[in-house]
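A short write-up of the structure that comes next.
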Amino acid sequence: MDLPENPARWTRAQAQAFFDWLMQQLLPRAQAVQQRFPGDLLQVGQAAIRTLSGPDYCFYEERQLPPRNPRDPYEFPPEFVCWHLTPAGVELARDLGLLVAVRLQEALPHLRWRIGRRNEGALHNLPVLGSHFEPWFMHGPGIALEELQGRREGRLWQETFDRFYRLHSVS
């Protein structure tokens, strides 16, 4: 699909074309992830983070922060590791985000997909599920990077589901 990189610059027709394309891709991509990593979202996340930790899906670089006080000879600047997803890692993480969205829609059938409106800032022209959700195809890579940089337990996909479920469930 040949679209401008910035969704805010898309025309309505381009936004609708991307929306239609994603809706066609949604179930097949989520089902493919589910077949690759069977189980509930916690099991899927645990298996996925093991895969995403591999060299085909991610890499890291070590960085050193500048010292807060350059005149202090005893202050050693902290080092940290910055993780990055490869293109294959981004695609897998996006599909994991779509799986979370499909599971949310199954659990909360009142949620509907729509195209983000102009007053929603970063969501403008992107497919969103319900209200105040990030676009799910973009949400997955953020979760994956947070897992890689943190606990690596694979729990964040389930925790994300739980958080949005509580936020949007009807009593």
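The values are calculated or read from the model by the stated rules, or taken from the named source; none is laboratory data. As the structure is a computational prediction, the values presented were derived from the model and not from experiment. Because the Cβ atoms are built from the backbone with ideal geometry, glycine has one as well, and the counts that use them run over all protein chains shown.
On the given criteria, is E106 in a helix (DSSP H, G or I), at pLDDT below 85 and of a type in the set (D, E)? Break it down stepwise before answering.
Details: in a helix (DSSP H, G or I): yes; at pLDDT below 85: no; of a type in the set (D, E): yes.
Considered against the rule, which asks whether it is in a helix (DSSP H, G or I), at pLDDT below 85 and of a type in the set (D, E), E106 comes out as no.
R166 passes all but one of (1) surrounded by 16 or more Cβ atoms within 10 Å (Cβ to Cβ); (2) modelled with pLDDT of 85 or more; (3) of a type outside the set (V, I, T); which number fails?
Every listed condition holds for R166 apart from (1).
Do you know which residues across region 141-155 are under 18 Å from Q43 (Cα atoms) and modelled with pLDDT under 85?
Correct list: G150, R151, R152.
Could you run through region 109-140 and say how many residues are within 23 Å of P38 (Cβ to Cβ) and either modelled with pLDDT of 85 or more or not in a helix (DSSP H, G or I) (or both)?
Of region 109-140, the ones within 23 Å of P38 (Cβ to Cβ) are 136-137, 139-140.
Subsequent filtering for residues that are either modelled with pLDDT of 85 or more or not in a helix (DSSP H, G or I) (or both) retains 140.
Here the count works out to 1.
Hey, among V33, V44, which residue is part of a helix (DSSP H, G or I), at pLDDT 95 or above and in contact with a Pro (Cβ under 9 Å, 6 or more places away or on another chain)? Write out each step before concluding.
Values: V33 fails: in contact with a Pro (Cβ under 9 Å, 6 or more places away or on another chain).
Criteria check complete, one pass: V44.
Is one or more of the residues making up region 60-76 at pLDDT 90 or above, under 22 Å from G142 (Cβ atoms) and either surrounded by 11 or more Cβ atoms within 10 Å (Cβ to Cβ) or within 18 Å of the chain's Cα centre (by Cα) (or both)? Give the derivation first.
Our first condition is that a residue be at pLDDT 90 or above; within region 60-76, this holds for none.
No, every residue in region 60-76 fails to be at pLDDT 90 or above, under 22 Å from G142 (Cβ atoms) and either surrounded by 11 or more Cβ atoms within 10 Å (Cβ to Cβ) or within 18 Å of the chain's Cα centre (by Cα) (or both).
Tally up the residues in region 1-24 that are within 18 Å of the chain's Cα centre (by Cα) and either assigned to a loop (DSSP other than H, G, I, E, B) or surrounded by 14 or more Cβ atoms within 10 Å (Cβ to Cβ) (or both), please.
Result for region 1-24: 6.
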